[in-house]
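Values in this text are rule-based calculations from the coordinates and carry no lab data. Because the structure is predicted, anything quoted here is derived from the model rather than measured. Positions of Cβ are generated from backbone atoms using ideal geometry, with glycine treated the same way; all protein chains shown enter the neighbour counts.
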Amino acid sequence: MPGRGIFFEIQVFLQTLAMIHAIEMINNSTLLSGITLGYEIYDTCAEVTKAMGAAVRFLSKFNASKDEVEFKCNYSDYTPRVKAVIGASYSEVTMSVSRLLNLQLIPQVSQASSSEILSDKIRFPSFLRTVPSDLYQTRAMARLIHMSGWNWIGIIATDDDYGRFALESFGIQAMANNVCIAYKEMLPAFLSDSTINAKVNQAFEKIIEETRVNVIVVFMRQFHVMRLFQKAIERNINKVWIASDNWSAAVKVSMIPYIKRLGTVVGFAFKSGNISTFHDFLKTLHAKPMENNKFLNEYMLLLSACAHVKDQELNNCISNCTQESLMYKAGENNQTLKDDFLIANIEPGFIHSTMLAVQTIAYAIREQCQDRNCKNPFAFAPWELLEKLKKVKITDSEKEVHFDAKGDMNTGYDVLLWKEINGQIEITNMAEYDLQKDDFIFPDEEKKTDFFNLKRTITAIRQIWITAIYATTKLTGPL
């Protein structure tokens, strides 16, 4: 779902390309001898209603002329259009789609939906994911905050399923780690909401009022974070920001003008892996046919519409380009693909989890087809594939990964630190959070030092505030 509900999301576009790349790799290998994987990709625009329309098509009968679902008491002899579904990215969309796919137990593997409620196999029996549940993320966050000696924190989240469940989960983990939550601010789930600006201003009033709080945990989508941070820069807010997996590695957020003024950003991202083949795929993208790839065509149109801007401003231009400007540029699709721009915007954890989603389905199909002719589309039902999928084990970067009883994959998190290097913000890997050990693992002593130096960050922020108050007093008299 890369598309144009409101914004063109480069990151989700890259996930789409990663899925295509992983499928092509499977089809060009000997893993599924004599079987070719096909795919259909639908843009949900991050909207439940659009996603449900696609889900109905998935549930419709194989080779049916209409996208309609036959409701039956027993689906054991019913063959739907698809054997498995990958996605969605956002948890609230995933939940709605999953409830429909449950009718026929069509396996759904998400590469990004991390809401804790999706681990409930009573409500979501056919759902799996190649990322951990937010339970582990909030536990890791609370542990990091406790280890850094940050006693008081604030939380800002979106008022949707993802934000509310993350808020609840973090509250439990914070209590277990003796971390006090001074305030919780909820922002509307959609930027088009008429109250968004008032809610953002309300959040900043609380931030300014609570002077004892210097650490803020943020559970929001990338575009929400951009809106929040742009306002924070205007109001000279300087804090430690704890980033959730949704935006911790977002290059476009790190490139906001004057982002350095905001303070320190520490984030949790889905565990990355070897994605070098995807880099190679992007470099040869220009040689691939584009007629059947609407998203790639749209990306090319966006490049044409943004041909006048500098490379460092390209991300922002693409995100905010209007449909009118795209229509104006239709037929002028003469831009290069700018694979360097795409590579620079890769968020490794999302790409890795997307490729894992394809691989797990492929391995499950291989197991399912050991003793039957799977060239016949009626050879097995989706619910049979689901049972194989639950048992899949893959070696990834010398580590065995698999789904647990709740359908969550046993990968961990990368702990990221946004550092200023040569005047630019770079998103660096500081540590790994191991789910099984409930601990942080450091690649070297330098990274370990960065981690344990986080405690000093609060002291530096306090000094900035004291200096600001002193300067104000000198200029205006006693406060």
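Structure notes:
- Amide H within-cut-off set for S114, under 5 Å, with H built and near neighbours excluded: S91
- Each principal axis of segment 105-259 carries a Cα extent, and these read 50, 37, 26 Å when sorted largest first.
- Cα-based Kirkwood hydrodynamic radius, segment 256-296, one decimal, Å: 14.4
- Radius, Kirkwood style, for segment 19-77 when every pair of distinct Cα atoms is counted (Å): 14.1
- Projected label points at L103 and E209, each 7 Å from Cα along the beta carbon direction, are separated by 4.8 nanometres.
- The chain: calculated mean residue ellipticity at 222 nm from DSSP helix runs of at least 4, using -39500 (n - 2.57): -13000 deg cm²/dmol
- Two-decimal log10 I(q)/I(0) for segment 305-457, as the Debye equation yields it once each C-alpha is a single scatterer, q = 0.09, 0.18 Å⁻¹: -0.56, -1.08
- Residue exposure sequence - H352, H224, H402, H21 - by fewest surrounding Cβ within 10 Å: H402, H21, H224, H352
- Mean projected area of the convex hull spanned by the Cα atoms of segment 1-107, taken over all viewing directions: 7.8 nm².
- For D371 and K231, a Förster radius of 60 Å and the Cβ-Cβ distance give a FRET efficiency of 0.50, rounded to the nearest 0.05.
- Cα coordinate range in segment 194-308, projected on the principal axes (Å, largest first): 56, 34, 24
- Semi-axis lengths, Å, the chain, gyration tensor of Cα atoms, sqrt of 5 times eigenvalues: 40, 26, 21
- Summarised as an ellipsoid, segment 372-452 has semi-axes of 40, 16, 10 Å, derived from the eigenvalues of the Cα gyration tensor scaled by 5 and square-rooted, with the largest first.
- One Cα centroid belongs to segment 252-300, the other to segment 74-102; the line between them spans 27 Å.
- Segment 170-179 - phi-based ³J(HN,Hα) in whole Hz, Karplus 6.51/-1.76/1.60, Gly and Pro as x: 5, x, 5, 5, 4, 4, 5, 10, 6, 9
- Potential extension, H279-D193 segment - 0.36 nm per residue separation minus Cα distance: 27.2 nm
- Taking 18 Å as the limit for the C-alpha separation, the pairs K271/K399; K199/K260; K206/K231 exceed it in the case of K199/K260.
- Residue-by-residue Karplus 3J(HN,Hα) for segment 434-450, coefficients 6.51, -1.76, 1.60, Hz, glycine and proline x: 8, 5, 5, 7, 6, 8, 9, 10, 10, x, 7, 5, 4, 5, 4, 5, 4
- Note that segment 122-197 shows a convex hull volume over its alpha carbon atoms of 124 Å³ per residue.
- Given R0 = 41 Å, the distance between the Cβ atoms of F442 and V309 translates into a calculated FRET efficiency of 0.55.
- Within the chain, DSSP assigns beta bridges of which about 45% are antiparallel (rounded to the nearest 5).
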